[in-house]
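Down below is the structure, laid out as structure tokens.
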Amino acid sequence: MPAYEVEHVCPLTDDQKDLLASAITKIHSQQFSAPKLFVNVRITDISGQRTYVAGKQYKSNRIFAYVRHGPSRTQSDYDVVSKALTQAWEEIVPGTELRLVMFYGAIVAGMEAGFSIPQAGDDKQWIEENMEAFKKKAEEGDEHFRELVEEYVR
């Protein structure tokens with residue numbers, strides 16, 4: 001559902017990338033009740049690209065998040081996530097700065113893994129409505145859906 005784009009100029013190990021992806025997934029799913037399966041993260045080294053701030057070349061680490069925005073998500077919610085992402089970055093990539101965390105409430109519709117995505121705030125109802133289909137995919141051997149079913153059926 002959300003798509004997080006991590007752009008980094010400092011070197012990151014594969015372990016750091018894995019930890020960042022896990023942290024982003026956990027932070028987003030906890031704050032917004034989105035299933036972890038549908039939190040997408042891409043991490044890109046942009047150290048070779050020319051990027052600018054205030055019209056001058058400036059290299060920085062940053063996270064752009066494309067999310068489903070709606071009345072159930074407040075400025076405070078995004079602030080909490082921004083702070084948590086910054087803290088996770090500082091723990092995983094010490095001695096470097098995460099200069100920017102920016103949210104784009106641009107996702108109005110879409111389909112992922114064969115399912116139409118719900119509006120922001122409707123995740124719980126959507127999970128309930130689709131749980132039988134999720135269970136079927138899990139029973140057919142889809143590991144991602146097995147984990148999703150385990151996440152919600154306790």
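What to note about this one:
- Scanning the range 43-67 for residues that are among the polar types (S, T, N, Q) and part of a loop (DSSP other than H, G, I, E, B) returns 47, 49, 51, 60.
- Residues that are touching a His at 6+ places or on another chain (Cβ under 8 Å) and within 20 Å of residue 124 (Cβ to Cβ), drawn from the range 26-65: 34, 37, 39
- Looking only at the range 12-66, residues that are surrounded by fewer than 17 Cβ atoms within 10 Å (Cβ to Cβ), without any contact (Cβ under 8 Å) to a residue 12 or more places away in the chain and not β-branched (Val, Ile, Thr) come to 15 in all.
- Pick from the range 120-143, criterion touching a residue at least 60 places away in the same chain (Cβ under 8 Å) and of a type in the set (D, E, K, R), ranking: nearest to residue 1 (Cα to Cα): 123
- Residue within the range 68-85 that is surrounded by fewer than 16 Cβ atoms within 10 Å (Cβ to Cβ), more than 16 Å from the chain's Cα centre (by Cα) and among the charged types (D, E, K, R) present: no
- Condition met for residue 117 (at negative phi, in contact (Cβ under 8 Å) with a residue 60 or more places away in the chain and touching a strand residue (DSSP E or B) at 6+ places or on another chain (Cβ under 8 Å)): yes
- Qualifying residue in the range 11-27 (condition: out of contact with any strand residue (DSSP E or B) (no Cβ under 7 Å at 6 or more places or on another chain), at pLDDT 95 or above, of a type in the set (Ser, Thr, Tyr) and more than 24 Å from residue 147 (Cβ to Cβ)): yes
- Matching residues, the range 1-11, being of a type in the set (A, V, I, L, M) and either buried (at least 19 other Cβ atoms within 10 Å of the Cβ) or more than 12 Å from the chain's Cα centre (by Cα) (or both): 1, 6, 9
- Residues located in the range 1-50, provided they are among the hydroxyl-bearing types (Ser, Thr, Tyr) and farther than 25 Å from residue 68 by Cβ: 13, 47
- Scope the range 107-141; condition polar (S, T, N, Q), part of a helix (DSSP H, G or I) and surrounded by 15 or more Cβ atoms within 10 Å (Cβ to Cβ); matching residues: 130
- The lone exception for residue 144 - which of (1) surrounded by fewer than 16 Cβ atoms within 10 Å (Cβ to Cβ); (2) in contact with a Leu (Cβ under 6 Å, 6 or more places away or on another chain); (3) outside any helix (DSSP H, G or I) it fails: (3)
- If you go through the range 12-35 and keep only what is in a loop (DSSP other than H, G, I, E, B) and within 14 Å of residue 90 (Cα to Cα), you end up with just 12.
- Assessment of the range 90-102 against the conditions (touching a Phe, Trp or Tyr at 6+ places or on another chain (Cβ under 7 Å) and surrounded by fewer than 13 Cβ atoms within 10 Å (Cβ to Cβ)) yields at least one matching residue.
The values are calculated or read from the model by the stated rules, or taken from the named source; none is laboratory data. If you're wondering where the values come from, they're calculated on a predicted model, not measured in any experiment. Don't worry about glycine lacking a Cβ; one is built from the backbone with ideal geometry, like all the others, and counts go over all protein chains shown.
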